[in-house]
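The values are calculated or read from the model by the stated rules, or taken from the named source; none is laboratory data. Keep in mind that what you see is a predicted model, and the values were worked out from it rather than measured. Neighbour counts run over all protein chains shown; Cβ positions are idealised from the backbone, glycine included. The protein model used for the area step is the full one, side chains on, heavy atoms only, and it has no ligands, DNA or RNA in it. Shrake-Rupley method; radii C 1.70, N 1.55, O 1.52, S 1.80 Å.
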Amino acid sequence: MRTTSNIDMENKLDIKERIAAMEPSAVWSDAGDGMFRVPVSSFRTLAEKLRNEEGFDFLRSLTGMDWGEEGLGCVYHLENTVTGENVVLSTADADRDNASLPSVHDLWKGANFNEREAYDFFGIRFVGHPDLRRLFLRDDWKGHPLRKDYDMSLNPLNMENEGNEDEAPSYEMTPDGGYILRRHPLFEDQEYVINIGPQHPATHGVLRFRVSLEGETIKKIDVHSGYIHRGIEKLCESLTYPQTLALTDRLDYLGAMQNRHALCACIEKAMGLEVSDRIKCIRTIMDELQRIDSHLLFIACLSQDMGALEVFFLGFRDREKVLDILEQTTGGRLIQTYNTIGGVQADIHPDFVKKTKEFIRYMRPKMREYQEIFTDNVIVRKRLTGTGILSREDAISFGATGGSGRASGWACDVRKRHPYAMYDKVDFEEITFNSGDCFDRYMVRVKEIEQSLNIIEQLIDNIPEGEWQMKVKPVIKLPEGSWYTAVEGSRGEFGVFIESRGDKFPYRVKFRSTGLPLVSCIDTISRNAKIADLIAIGGTLDYVVPDIDR
């Protein structure tokens, strides 16, 4: 019988041979997960072949890197959504003062914001990118703070001018191999532009949309992020691996358990540490309780945004029961500092099984209550149906995973694509719809609550005996190499990329935000919608702003 790991290895060997044939200059490095190192001069050609000929249509993650003397560059994690094959590429420009890489925003739409992020923090110019503004920091920020040689004495508090936010800079290549910087207006003079945010109840965090309107119709949305950016990835570089765990709870705080699970799993993978079945089972149950907690809050906040206050209170009523169960074992309600490297911080509470089974019996009939009051309401259906349509092709290209991708017909669940913990031992349905509108995005979450109850029910009476914390060394040093691990967060694929130089501190940590792809597609799916629909669109995309800003 072929296991998932056998299949992955066969695919890896197969794609290695095909890439070697396509681009002889690509050099394979087997440190960690392994990746192809591709010269800048041939990177764009290889990327086009992988996207257009080999079917690698999903850009899972794009990570800006500072490799010191090797230069500034990026790591690209790609997946073929048909075959399930994965490949990792990296490329770098040794000219640190003028580092330039070819843009791939036209191959994968999700690269647009990811390249802006890499420009923002590393100063890498992506040639051909149409709008290379900073994404998180102010336009007049001095330097690029994720570089290893960044001067920390540069004081951003002295900045006085944020620059012209109405211009989009882009770099174009000249015949002699040089570059020309051009600036293009974001909006025409006659356009009527309004601000939604940065402080607005329906943006679900400090986020700003500049919306161009023609009457009540949306013509363009310019996203401004970074209002609560905390430099978490930079902080990780000066922390030991156990110290980095606390930062995951400050990303998507409605997926804190899952975020920490991903980071622990990535570190354990690099260590070669296999945790016990008891740990896997506990983590799976906790992740699904967290998912129910998050989806209930999604329903509650969406109903509040649309004026249905009764459902808002129902959602919080039921969510409190989940938080009570979590608190008994973890000690936390919103922030869950539970997963540890090699296990969990404490065994489950003596009443955990009993309380969880009581909640399952309580919650199933309550789902009919949401159906009767909200789902079947004629106003809800008219406002959500046919609004904010995200096509399956765009969902994949933007990397809009989670419920938003599955509502567009994309079976993108990490629990199915790359099973982890106990997800290959339980029977559950991956919920997908095909319309890709606001109503289908809502329905995915409703149905996923039922599936999470099913998963928990299969495990709760069968938690294996064994260790709840494996033995690990007091000082953890990962071998040299790079690793990527993902889990199915409440809002989609939450990934962790770690590059190690063999020290007790990570050389680079990148968190694959679930929310950044969702915000990057909002301009596309909101065009020609009414301004009143923007609230429903944002609500059903279900992004959490601290996860975007990191």
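Looking at region 67-91 only, could you name the residues that are open to solvent by 20 Å² or more (accessible area, probe 1.4 Å), farther than 23 Å from ALA486 by Cβ and touching a residue at least 60 places away in the same chain (Cβ under 8 Å)?
GLY68
A quick yes/no check of all residues on (1) closer than 17 Å to PHE126 by Cβ; (2) touching a residue at least 40 places away in the same chain (Cβ under 8 Å):
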{"position": "THR45", "(1), (2)": "yes, no"}
{"position": "PHE56", "(1), (2)": "no, no"}
{"position": "ARG60", "(1), (2)": "no, yes"}
{"position": "MET65", "(1), (2)": "yes, yes"}
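Working only within region 469-485, note down all residues that are in contact (Cβ under 8 Å) with a residue 40 or more places away in the chain and outside any strand (DSSP E or B).
Of everything in region 469-485, those that are in contact (Cβ under 8 Å) with a residue 40 or more places away in the chain and outside any strand (DSSP E or B) turn out to be MET470, LYS471, VAL472, VAL475, ILE476, LEU478, PRO479, GLU480.
Only one residue in GLU493, GLU488 is in contact with a Lys or Arg (Cβ under 6 Å, 6 or more places away or on another chain), among the charged types (D, E, K, R) and outside any loop (DSSP other than H, G, I, E, B). Which one?
GLU488
Any chance you could count how many residues in region 252-285 are open to solvent by less than 10 Å² (accessible area, probe 1.4 Å), more than 20 Å from TYR484 (Cβ to Cβ) and in a loop (DSSP other than H, G, I, E, B)?
0
Return yes or no: is ARG18 at pLDDT below 95, under 20 Å from SER397 (Cα atoms), part of a helix (DSSP H, G or I) and open to solvent by 10 Å² or more (accessible area, probe 1.4 Å)?
No.
May I ask you to verify whether ILE389 is open to solvent by 10 Å² or more (accessible area, probe 1.4 Å), in a helix (DSSP H, G or I), under 16 Å from THR540 (Cβ atoms) and of a type in the set (A, V, I, L, M)?
Spelling it out, it is not the case that ILE389 is open to solvent by 10 Å² or more (accessible area, probe 1.4 Å), in a helix (DSSP H, G or I), under 16 Å from THR540 (Cβ atoms) and of a type in the set (A, V, I, L, M).
I'd like to verify a number: residues in region 492-524 that are touching a Gly at 6+ places or on another chain (Cβ under 6 Å) and open to solvent by 10 Å² or more (accessible area, probe 1.4 Å), how many?
Here the count works out to 2.
Go through GLU48, GLU10 for me and flag whichever is at pLDDT 90 or above, among the acidic types (Asp, Glu) and either open to solvent by 10 Å² or more (accessible area, probe 1.4 Å) or part of a loop (DSSP other than H, G, I, E, B) (or both).
Step by step, each of GLU48, GLU10 is checked, and only GLU48 is at pLDDT 90 or above, among the acidic types (Asp, Glu) and either open to solvent by 10 Å² or more (accessible area, probe 1.4 Å) or part of a loop (DSSP other than H, G, I, E, B) (or both).
Please go through region 359-386 and give me each residue that is open to solvent by 10 Å² or more (accessible area, probe 1.4 Å), part of a helix (DSSP H, G or I) and not hydrophobic (A, V, I, L, M, F, W, C), ordered by number.
ARG361, TYR362, ARG364, PRO365, LYS366, ARG368, GLU369, GLN371, GLU372, ARG381, LYS382, ARG383
Exactly one of (1) over 26 Å from ARG383 (Cα atoms); (2) open to solvent by less than 10 Å² (accessible area, probe 1.4 Å); (3) not small (Gly, Ala, Ser) is unmet by ARG441. Its number?
All conditions pass for ARG441, except number (1).
Condition check: in a helix (DSSP H, G or I), under 22 Å from CYS301 (Cβ atoms) and either of a type in the set (Ser, Thr, Tyr) or in contact (Cβ under 8 Å) with a residue 24 or more places away in the chain (or both). Does LEU289 satisfy that?
yes
Output the residues belonging to region 25-45 that are open to solvent by 70 Å² or more (accessible area, probe 1.4 Å) and under 24 Å from ASP95 (Cβ atoms).
Listed by number, the residues that qualify are VAL27, ARG37, SER41.
Are there helices (runs of 4 or more DSSP H) fully within region 394-468 with at least 2 residues that are hydrophobic (A, V, I, L, M, F, W, C) and either farther than 27 Å from ASN114 by Cβ or touching an Asp or Glu at 6+ places or on another chain (Cβ under 7 Å) (or both)? List them.
438-460
If I filter region 144-192 down to residues being at pLDDT below 70 and acidic (Asp, Glu), which single residue comes out as nearest to PHE121 (Cα to Cα)?
GLU162
TYR150 passes all but one of (1) in contact with a helix residue (DSSP H, G or I) (Cβ under 6 Å, 6 or more places away or on another chain); (2) part of a loop (DSSP other than H, G, I, E, B); (3) open to solvent by 10 Å² or more (accessible area, probe 1.4 Å); which number fails?
(1)
Just name the residue that is modelled with the lowest pLDDT out of those in region 67-104 that are among the acidic types (Asp, Glu) and more than 12 Å from ILE124 (Cβ to Cβ).
This residue is GLU69.
Among the residues of region 202-250, write down those that are among the aliphatic types (A, V, I, L, M), modelled with pLDDT under 90 and assigned to a loop (DSSP other than H, G, I, E, B).
Scanning region 202-250 gives VAL206, LEU207, ILE228.
Taking only pairs six or more apart or across chains, which ones have beta-carbon atoms under 9 Å, a first residue in region 311-331 that is open to solvent by 20 Å² or more (accessible area, probe 1.4 Å), and a second residue that is in a loop (DSSP other than H, G, I, E, B) and among the aliphatic types (A, V, I, L, M)?
Qualifying pairs under 9 Å: GLN328/ILE348; GLY331/ALA346.
Among residues belonging to region 92-113 that are touching a Cys at 6+ places or on another chain (Cβ under 9 Å) and open to solvent by less than 30 Å² (accessible area, probe 1.4 Å), point out the one that is farthest from GLY68 (Cα to Cα).
In this case the residue turns out to be GLY110.
Need the failing condition index for PRO479 against (1) closer than 21 Å to LYS269 by Cα; (2) crowded, with 16+ Cβ neighbours inside 10 Å, just the number.
Here PRO479 clears every test but (2).
Looking at region 526-550 only, could you name the residues that are assigned to a helix (DSSP H, G or I), in contact with a Leu (Cβ under 7 Å, 6 or more places away or on another chain), open to solvent by less than 10 Å² (accessible area, probe 1.4 Å) and under 25 Å from GLN258 (Cβ atoms)?
Across region 526-550, the qualifying residues are GLY539, THR540, LEU541, VAL545, ASP547, ILE548.
Based on this model, can you work out whether SER391 counts as closer than 30 Å to LEU459 by Cα and of a type in the set (Ser, Thr, Tyr)?
no
Say we look at region 53-66 and pick out the residues that are among the small types (Gly, Ala, Ser) and part of a strand (DSSP E or B); which of these is farthest from ARG508 (Cα to Cα)?
SER61
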